[in-house]
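Everything on this sheet refers to the single structure shown next.
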């Protein structure tokens, strides 16, 4: 028993963030080494660094929208500025109500970013808890959780989100609910797979031997080892949520006026695409740039933290 206690203490101090697969040489990672890997990635991966810069700029513009935006996004001058073409006064022109498109684009970034971040955090929190429970407890708990995940994954994600939105109605809160319901299952499967591998490790067995409670083992020994993959998953799920919101708004069941999002701007401008293309192209290009930036950054984070891609 004394040897088991010593083994558990040693495991707690030295085996955090151990890669889960057997065919990879054990590599101890702590918070410092994770940040060190990310800093090295940003230094060596210019595309990821540029993507991070783009994301930071968009976030700052959204946060300081009242300062950055040249006009009130809801100010209308249909008599003089309706469908005004891009000019020095209005960089991206004006819409059908005479509102400045650039100002609305900046304010729309707020909604698009919030919808990208909040549902992703909610879905990953639910998925992480479900994955830990499913992988560690096994048997009936594993069967029930995974069957629910299979049901969610059996539906096309956009179709399932549409069903939820049509049922609950179009609103910002309901978008959070819809995207959270759609996206938790993928995270649960990934965390479950890691948990199944990690629970057979020596440091987990040692913790079991000294009577450590299941929840403590899951939270203190297994979850920290899942963090690198969760960071990668988080960075890749944000653009997916932004695209889902844009698709829902384009279908008329996403963000609702007077709030605006990039997807809603594309939806409202599509009927004027051939005559006044800037109404659709401006938010469409903004979505493209931001989604690409998150994807490139996610790829860089994955390369930095995945032990199988390291030399």
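The values are calculated or read from the model by the stated rules, or taken from the named source; none is laboratory data. Just so it is clear, the structure is predicted and the values come from calculations on it, not from any experiment. FYI the Cβ positions are ideal-geometry reconstructions off the backbone, even for glycines, and counts take in every protein chain you see.
Taking the criterion of being farther than 23 Å from residue 236 by Cα, in a helix (DSSP H, G or I) and without any contact (Cβ under 8 Å) to a residue 24 or more places away in the chain, the residues of region 106-163 that qualify are 139, 140, 141, 143, 144, 147, 163.
Condition check ((1) under 22 Å from the mean Cα position of the chain (by Cα); (2) modelled with pLDDT under 85) across all residues:
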site	(1), (2)
203	no, yes
207	no, yes
272	no, no
288	yes, no
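For region 96-111, does any single residue satisfy the condition of being closer than 16 Å to residue 178 by Cα and in contact with a helix residue (DSSP H, G or I) (Cβ under 8 Å, 6 or more places away or on another chain)? Break it down into steps so the answer makes sense when it comes.
First, pick out the residues of region 96-111 that are closer than 16 Å to residue 178 by Cα: 111.
Checking the rest, the ones that are also in contact with a helix residue (DSSP H, G or I) (Cβ under 8 Å, 6 or more places away or on another chain) come to 111.
Yes: region 96-111 contains one or more residues that are closer than 16 Å to residue 178 by Cα and in contact with a helix residue (DSSP H, G or I) (Cβ under 8 Å, 6 or more places away or on another chain).
Residues in region 223-260 that are more than 22 Å from residue 49 (Cα to Cα), touching a residue at least 60 places away in the same chain (Cβ under 8 Å) and surrounded by fewer than 18 Cβ atoms within 10 Å (Cβ to Cβ): 224, 251, 252, 256, 258, 259.
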